[in-house]
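Here the structure is laid out as structure tokens; the discussion comes afterwards.
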Amino acid sequence: MAGGTAIVTGAAGGLGGAIGERLAAAGHELLLVDLDQAVETVAAAAGARSLVADLTKAEGVEAVLASAGGDVAVLVNNAGITRDARATKMEEAAFAAVIEINLVAAMRLTLALEPRYRDGAAVINMSSRASLGNFGQANYSASKSGLVGFGRALAQRWAPRVRVNALAPSLVDTPMTQAMPPEVLEKMVARIPAGRIGSPDDVAGTVAFLASPEAAYITGQVVFACGGRSVAP
């Protein structure tokens, strides 16, 4: 059993819930955080604690600190949104909103928890294959590549006490993906060498590995759990 508190943000969705289940199975006490009150239902099903909080606000971060309990063993920065548009037509507010939630909020929470990380703790930033650049997602791509750079800087600063890595999935079968027009989704899946869309469990399993002692020599890295999409044309 791993033990220690594991905090997962953006935990009301299918991906966050799957990550929480895998970390609970590894022996962590869970704190699931989301702005959506549905996180309470997800947490109840997993036997975990929940917190409804806005991580773009100082009081939201303070609420996490108060709810975390003792030492923190794992932080998964999974909260994120999209506001897609062509770069030339993207409104500044849409760009700023994605950066604020996907990157700045993660930065605030990660740094605020610094005194609480126990030796051997793992911070996992949920990046994306889109960090390499996606048409219509200049804001999202910027936020996800920003998480990579932020994490690499912290990996150098906090080693060897705390490991910091990024996980970059491609398409994952979640309600957000299922809402896409079928013809668009079909074309995107066709570009994945593995021949299928990823499942929440595919991603959650990789998170659990990065959080585990088996990954003790891995820090400052980006793991692409994307079915080979990162190397496809």
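Bear in mind that the values in this text are calculations on the coordinates, not laboratory data. The structure presented is a predicted model; accordingly, all values stated were derived computationally and were not measured. Reconstructed Cβ throughout: ideal geometry from the backbone, glycine too, with neighbour counts over all protein chains shown.
For the pair residue 179 and residue 232, label points projected 7 Å from Cα toward Cβ lie 2.4 nm apart.
The eigenvalues of the Cα gyration tensor, multiplied by 5 and square-rooted, give segment 54-187 an equivalent ellipsoid with semi-axes of 29, 16, 14 Å from largest to smallest.
Among 93, 115, 105, flag the residue with its Cα farthest along the positive direction of the charge dipole of segment 92-155, charges on Cβ as +1 for Lys/Arg and -1 for Asp/Glu. My answer, from the dipole projection, is 115. Normalised size of the chain, defined as Cα radius of gyration per 2.2 N^0.38 Å with N residues, equals 0.96. Computed over segment 1-132, the Cα gyration tensor eigenvalues convert (square root of 5λ each) into semi-axes of 26, 16, 14 Å, ordered from largest to smallest.
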